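A short reminder: the numbers here are calculations on the coordinates, not readings from a lab. From a predicted model like this one, the values you see are computed outputs, not experimental measurements. As a convention, Cβ positions derive from the backbone with ideal geometry for all residues, glycine included, and neighbour counts pool all protein chains shown.
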Ligand SMILES: O=P(O)(O)OC[C@H]1O[C@H](OP(=O)(O)OP(=O)(O)O)[C@H](O)[C@@H]1O
Ligand SMILES: Nc1nc2[nH]cnc2c(=O)[nH]1
């Protein structure tokens, strides 16, 4: 499928900045402090959820001041679209985490299907405990598990389609240095 780069550029030009870079960086610092206070003695296996978790995990990990193992998993249900479908596992974790604490790092908790399925997978596969960190929690009433809250949340945002800091618009703008909402979405 060909990509209309002019459209991709226009989306950025017209987007609303919800959280500028300095605010996101401060939120990442705050999450790191909380994790340092709570997981330093837990010898966790940390999994970045690709692709969206890449920037958050990459910025967060060097701020964690204790020994950990770091790897990735890849589960997706949006496939570069702006509405989600079935969860599809592209890569399951390769590091063993049986009887270990696991920390899952993802960009966004939206309806929560993705994180819920990852947590279930880790628990069934033998994790001793599963902790979750998300850069942003979207505020709406459509949560798959209404009582579930991520353990560590950087920021919250309104119910719009957002991009930047790892989150894409049609596969683009994961590199945007702030969290933006698409005009009209
Ligand atoms: O809470 P949910 O409604 O399940 O949505 C959140 C998930 O959606 C995005 O992943 P996506 O499937 O777009 O894959 P990507 O990370 O490769 O962009 C995001 O990275 C989260 O993992
Ligand atoms: N980029 C992006 N991915 C998502 N996955 C679930 N919700 C969102 C969103 O608002 N933006």
* Looking only at 22, 127, 75, which one moves most when the chain is put into a Gaussian network model with springs between Cα atoms under 10 Å? -> 22
* Structure fact -> Which of 142, 174, 100 fluctuates most in a GNM of the chain (C-alpha springs under 10 Å)? That residue is 142
* With springs only between Cα atoms under 10 Å apart, run a GNM on the chain and tell me which of 130, 11, 153 wobbles the most. => 11
* Structure fact -> For the chain, the longest principal axis of the Cα atoms and the Cα long axis of helix 5-14 enclose an angle in degrees, to the nearest 10, of 80
* Antiparallel bridge percentage (DSSP; both residues within region 5-181; nearest 5) -> 30
* Structure fact -> Between the Cα axis of helix 21-39 and the main Cα principal axis of the chain, the angle (0 to 90°, nearest 10) is 10
* To do: Please arrange 76, 156 by counting, for each residue, the other beta carbons lying within 10 Å of its beta carbon, fewest first.
  => 156, 76
* Structure fact -> Contour minus Cα-Cα span, residue 139 to residue 25, at 0.36 nm per residue, comes to 39.0 nm
* Asked: What is the gain in length, in nm to one decimal, between residue 86 and residue 40 on full extension, counting 0.36 nm per residue of separation less the C-alpha to C-alpha distance?
  -> 13.0 nm
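Based on the inverse mean of 1/r over its pairs of different Cα atoms, what is the Kirkwood hydrodynamic radius of the chain, in Å? Walk me through the numbers on the way to the answer.
On the way: mean 1/r = 0.0597 Å⁻¹.
It works out to 16.8 Å.
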* At what distance in angstrom do the alpha carbon centres of region 125-185 and region 1-75 lie from each other? -> 10
* Determine the calculated [θ] at 222 nm for the chain from helices alone, applying -39500 (n - 2.57) to every DSSP H run no shorter than 4 residues and normalising by the residue count; nearest 500 deg cm²/dmol. => -8000 deg cm²/dmol
